[in-house]
Every structure is written in C-alpha cells, then in structure tokens.
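The structure appears right after this line, and notes come after that.
Please treat every number below as a calculation from the coordinates, not as lab data. Here the structure is a predicted model, which is why all the values come from computation and not from measurement. Heads up, the Cβs are rebuilt from the backbone with ideal geometry, glycines too, and the neighbour counts pull from every protein chain shown.
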Amino acid sequence: MRAAGADAEDLQKHISGTYFSLRLGMGLLAVALPLSLWLGGRFADHEALRCSMSAYYYSPTMRDKFVGILCAIGLFLYLYKGFSRQENWALNVAGAFAILIALVPTSPDCEGGKAFSAHEFFAILFFLAIAYVCLFRAADTLSLIRDPQKAKRLRTLYRGIGVLMIASPLVAVVLAQSLQPGSPRRSLVFFVETVAVLTFAAYWLVKSRELSATDAEKLALERQLKPASPPPAGVERPPGKLVQIGSDDVTQLDSKRPPSDTGDLQ
C-alpha cells in the first residue's frame, strides 16, 4: 500500500496541475481566437478579413467558434479561483462579461458613427476587470520569488500588460466608431482587437510560469501563506502581499481551528 503522505502529495500535484491547465487553456484559447477567425474566414468562407473579430458572429462557418471560444474563456475565468477575494470577484465578473460579449452581438454591417453598443460596453468592462487583476492583484504572489529584482521586473511587466489591456480595446472602439464601413483601413479594428486578446493571453502564460516556479498553489494548499507585514517606515515595500510561514505557524493555526462536527477521520 502507498503511504498516505505520498497520496496527499499526488493530490496536491493534481490540484496544482488543474489550476495550471486552466491558466494555460485560457492563454491558448485567446491565442487561437484571432488566428482561427482569420484562417477560417479566409479558407472556409472564402472572404476577406472582416472589420472586427466580433463581426465573425455573422460568419457562416466561424460563428460557433467565436461564441464557443469566448464562452469557454468566460467559464474558465469563473472556475479559476484567485489568491484573494478581490481577484476572485474580478475574474468572476470578467467571465460573465466574456459570455455576454459572445451572446450579445455587434452590428452586422460594421457601421461606424453609431451609438455605443452593449457589445462594446461589455468588451470594455471585460478588459477593465482583467486589467484590474494585472495592475492590483497580479503582484500579490511576487513576494514568493527569492530574487527581488526579478520580482520587480515581473511587477513592471504586469503593470504594462494591464495598461495595454485598457488602451487597446479603447482604441478599437474609437476606430470602430470613426472609420467608415467601406474604408480599407477598417480592418485595423481587427488587428487592434488582436493585440488586446494576445495581451490577455500573455498575462495568463506569464502568470502560469511565475506560479509554477514558486509553487504558490502548493503552499496555499498546505496553508503556508499569510499576508506580509507592513514594512518599517521609510523602507520601500517589496512586491507581493503574501509570505511563506513555517511549520510551527501551521501548528498554531491548527490549534486555533474549531473542532470538526464530524470528528477526526481514522
């Protein structure tokens, strides 16, 4: 028979692998979205590049792919649990907006100068929710990185991703409102939206590498993380809001837990 500790370790690896797969899946789906829409429209529908990614909702071949990928990303965002209540709520909100983007279509004729649509509103709120995670929550786990310079570089990268995630969809909306439907530059909207989607993918791929390198999820499962203490006055706060605690602290936490109603398992 296998030791209980070995079974527990395998279970921790399984849980950590599940979270890694969720993050990787979101990143790969985001990368696949613009590429599949362009190639599918070009070779399956035999048409030129549409005015935006959202316009592929009306593609005979790619509509189901467009809706399906966005709904899958939305569900992944809801299922994924962040390292704080704030991050978790932001991801849940982003997941809901991703599904609304898929189910509430844009105008079928790509007309510019129209009133701000619900589809555009949902898209901007989706990216704002993810940008909030990049700007204010992504750095929470950077304190687990032993190299402070690397942690600072990652914090800067996350902030840059967050800013780009705000700017690119706003630029796409401005272009969609200002460019005429027949303009040859109308496809710029598609490319700007692609930048926004690939930025979303970049965040999840970078975050996956960071969390895998620090075993952050394993430490969380073992209850070896706690909020970092505020730095002394005049001392620059290092990136991150979580620190690892030792086994003695875990024992003290166990002693403070209320007794289970079901009793100890034998």
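Taking the Cα centre of region 1-120 as the origin, how large is its charge dipole in debye, to the nearest 20, when only Lys and Arg (+1) and Asp and Glu (-1) carry charge on their Cβ atoms? Once rounded to the nearest 20, the dipole reads 160 debye. Sorting 39-46, 172-179 by their mean Cβ neighbour count within 10 Å, with the most densely packed peptide first, gives 172-179, 39-46.
A cut-off of 5 Å between modelled amide H atoms, ignoring neighbours fewer than 5 places along the same chain, links residue 243 with 226, 228. To the nearest 0.05, how large is the calculated FRET efficiency for residue 170 and residue 229 if R₀ is 45 Å and r is the Cβ-Cβ distance? Between residue 170 and residue 229 the formula returns 0.75.
Per-residue Karplus couplings for region 60-75, computed as 6.51 cos²θ - 1.76 cosθ + 1.60 with θ equal to phi - 60°, are listed in order as x, 9, 9, 4, 5, 5, 4, 5, x, 5, 5, 5, 5, 4, x, 5 Hz, Gly and Pro entered as x.
Separation of the alpha carbons by more than 32 angstrom is noted, of 65/218; 152/218; 65/226; 65/150, for 65/218; 65/226; 65/150.
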